[in-house]
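The values are calculated or read from the model by the stated rules, or taken from the named source; none is laboratory data. These numbers were taken from a predicted model, which means no experiment stands behind them. Because the Cβ atoms are built from the backbone with ideal geometry, glycine has one as well, and the counts that use them run over all protein chains shown. Accessible surface is based on the protein model in full, side chains and every heavy atom, while ligands, DNA and RNA are left aside. Shrake-Rupley method; radii C 1.70, N 1.55, O 1.52, S 1.80 Å.
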Amino acid sequence: MLNPENETRTVVFTFADIIIARFRKGAEVTLDDARTNVALCLQRNEGRRRPLLVDLREVKSQTAEARAYLAGREGVQVSQAVGLLIGSPVSRVLGNFYLGLNKPSVPTRLFTSEEEAQAWLRSFLTS
């Protein structure tokens, strides 16, 4: 059963100083999923932007429309910086597509280490 405060069909979220978005194993992300994920983040963050760690290691696919939506102005409403955690060949391709084709307007980097990603994202926190 989904916990509507922290989960969607494709992502399990942890909301703290850094938002952690872990894609479910085998997730196939559509534009509707991207919209749902952003809406949940906006609601839970009460309009504040936070650093965002996106764990792409288990995702199966993501449509071009979903990537464009997340890299566009809607995604920017949620995040002040994005760390993309990659591991599998699919997640590496998705991460590189996101960076190369969609040109995100917030600082965005690929990571293979969650600890390094979180350390980088924490540098964006303001006191």
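Taking a ≥ b ≥ c as the square roots of the eigenvalues of the alpha carbon gyration tensor, the range 45-103 is prolate, as a/c is not under 1.5 and a/b beats b/c.
The amide H of E58, built 1.01 Å from its N in the peptide plane, has F23 as neighbours under 5 Å, considering only residues 5 or more places off or on other chains.
Accessible surface computed residue by residue for the chain, with neighbouring protein chains in place and a 1.4 Å probe, gives 53 Å² per residue. The residues neighbouring G75, those whose beta-carbon lies less than 11 Å from its own, together hold a net charge of +3 under the Lys/Arg +1, Asp/Glu -1 convention. Roughly what % antiparallel, to the nearest 5, for the DSSP beta bridges in the chain? About 25 percent, rounded to the nearest 5. Let me make sure I get this right: for the chain, a, b and c are the square roots of the gyration tensor eigenvalues over alpha carbons, sorted descending. Under 1.5 in a/c it's rounded, otherwise prolate if a/b > b/c, else oblate. Which is it? It is rounded, given that a/c, with a ≥ b ≥ c, falls under 1.5. Here the calculated FRET efficiency for R122 and N96, from their Cβ-Cβ distance with R0 = 30 Å, stands at 0.80, rounded to the nearest 0.05. Remark on V11: its backbone amide H falls under 5 Å from those of R24, a criterion applied only to residues 5 or more positions apart or on other chains, H modelled at 1.01 Å from N. Here the Karplus relation 6.51 cos²θ - 1.76 cosθ + 1.60, evaluated at θ = phi - 60°, turns the backbone of the range 69-82 into coupling constants of 4, 5, 7, x, 5, 5, x, 5, 5, 9, 10, 9, 7, 10 Hz, with x for every Gly and Pro. Ranking K25, K60 from most to least accessible surface, computed with a 1.4 Å probe over the protein chains only, gives K25, K60. For the range 38-48, the Karplus equation 6.51 cos²θ - 1.76 cosθ + 1.60, evaluated at θ = phi - 60°, returns couplings of 5, 4, 5, 4, 4, 5, 5, 8, 6, x, 7 Hz by residue, with Gly and Pro reported as x. Between amide H atoms placed 1.01 Å from N, distances below 5 Å from S79 occur with R50, all of them 5 or more places distant or on a separate chain.
Counting Lys and Arg as +1 and Asp and Glu as -1 over every other residue whose Cβ lies under 13 Å from the Cβ of W120, the net charge comes to -1.
Think of the chain as a dipole: +1 on every Lys or Arg Cβ, -1 on every Asp or Glu Cβ, centred on the Cα centre; then among S91, A71, A117, A71 lies furthest on the positive end. Per-residue Karplus couplings for the range 15-26, computed as 6.51 cos²θ - 1.76 cosθ + 1.60 with θ equal to phi - 60°, are listed in order as 9, 8, 4, 10, 7, 10, 10, 9, 5, 5, 4, x Hz, Gly and Pro entered as x.
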